[in-house]
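Structure first, then comments.
The values are calculated or read from the model by the stated rules, or taken from the named source; none is laboratory data. Predicted model only: the values in this text are computed from it and were never measured. A quick note on method: Cβ atoms are made from the backbone with ideal geometry, for glycine too, and the neighbour counts reach across all protein chains shown. Ligands, DNA and RNA are excluded from the accessible area calculation, which covers all protein heavy atoms including side chains. Shrake-Rupley method; radii C 1.70, N 1.55, O 1.52, S 1.80 Å.
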Amino acid sequence: MEDPFLIVKRDAELSISEMNRNLERWKKLASGTSSVAKQERTAVKGKIMNALESTQGDILDLEEAVSSIELDRHRFNITEDELRNRKSFIQMSKDQCEAVRASLNNPQYSSASTSVSDEQISIDRYTAAQQANNRSNEVFIEKSMTQQQQIMREQDEQLNIVGQSIGRLKQIGTAIGDEVEDQNQLLDDFYSDMSQTEKRMQSVQKKVDKILEKVDGKKQNLIIGILLVIMIVVVILFFST
């Protein structure tokens, strides 16, 4: 994408070139006294005023572009020399406009049959209107810059809030991960205890079977009864704790 400054710069250069060309033509027609010369001189002056107005509008756009670059230098890949050249072009364009305006106000180029006072009044009115327009544009630019700065500050505050929220979420995620690891460790310990208990029960069962094989029926019933009582006591104690 082409640099917008360069696009507006070309437009300004074309307007300045047209303005100077018509100014030279206007000066040459200053000595003419015929009605045709007067009409042509008036028409040429209108072209000069249009080119002057167009150039001044381009200058305002160029100044706004340079101001935007100076406010946020890290977003634009513009060197200091290039920025200085752009400011120099803007100043040169302003000087060109002032020189043209001075020539239009110079009585030397007023024709003998043309009312100098009427022409001067017309130029003064245009100048006053242009100055008022310039002031309005400057106020608009200042307001726009202030709004942009406010928006940037609000965006920075929102980014800070989002960053803090992300930090809190990270802490919560870390705490949950630690809790899950602790629960997994408890489950591992529980399964290990269950395995050991199962092995002990199997060992006890084998011993009981051996004992039962060595005793007769009555003694088996007695032993079974005693074991049942013991198991009941163990179960009651287990659930009571």
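Condition first: polar (S, T, N, Q), closer than 19 Å to N105 by Cα and surrounded by fewer than 14 Cβ atoms within 10 Å (Cβ to Cβ). Now tell me which residues in the range 1-32 satisfy that.
S31 - this is the single residue of the range 1-32 that is polar (S, T, N, Q), closer than 19 Å to N105 by Cα and surrounded by fewer than 14 Cβ atoms within 10 Å (Cβ to Cβ).
If you filter the range 54-77 down to residues that are farther than 19 Å from S93 by Cα and polar (S, T, N, Q), you find that the one that is surrounded by the fewest Cβ atoms within 10 Å (Cβ to Cβ) is N77.
If you go through the range 33-53 and pick out every residue that is open to solvent by 50 Å² or more (accessible area, probe 1.4 Å) and either within 30 Å of Q147 (Cβ to Cβ) or free of Cβ contacts under 8 Å to residues at least 40 places away in the same chain (or both), you end up with 10.
What number of residues within the range 64-89 satisfy the criterion of being within 22 Å of the chain's Cα centre (by Cα) and part of a helix (DSSP H, G or I)? Residues in the range 64-89 being within 22 Å of the chain's Cα centre (by Cα) and part of a helix (DSSP H, G or I): 11 in total. Quick check: anything in the range 152-170 part of a helix (DSSP H, G or I), touching a Ser or Thr at 6+ places or on another chain (Cβ under 8 Å) and under 28 Å from D61 (Cα atoms)? Checked against the condition, which is being part of a helix (DSSP H, G or I), touching a Ser or Thr at 6+ places or on another chain (Cβ under 8 Å) and under 28 Å from D61 (Cα atoms), the range 152-170 yields no hits at all. The criterion of being under 30 Å from R41 (Cα atoms), of a type in the set (D, E, K, R), assigned to a helix (DSSP H, G or I) and modelled with pLDDT under 80 does not hold for R135.
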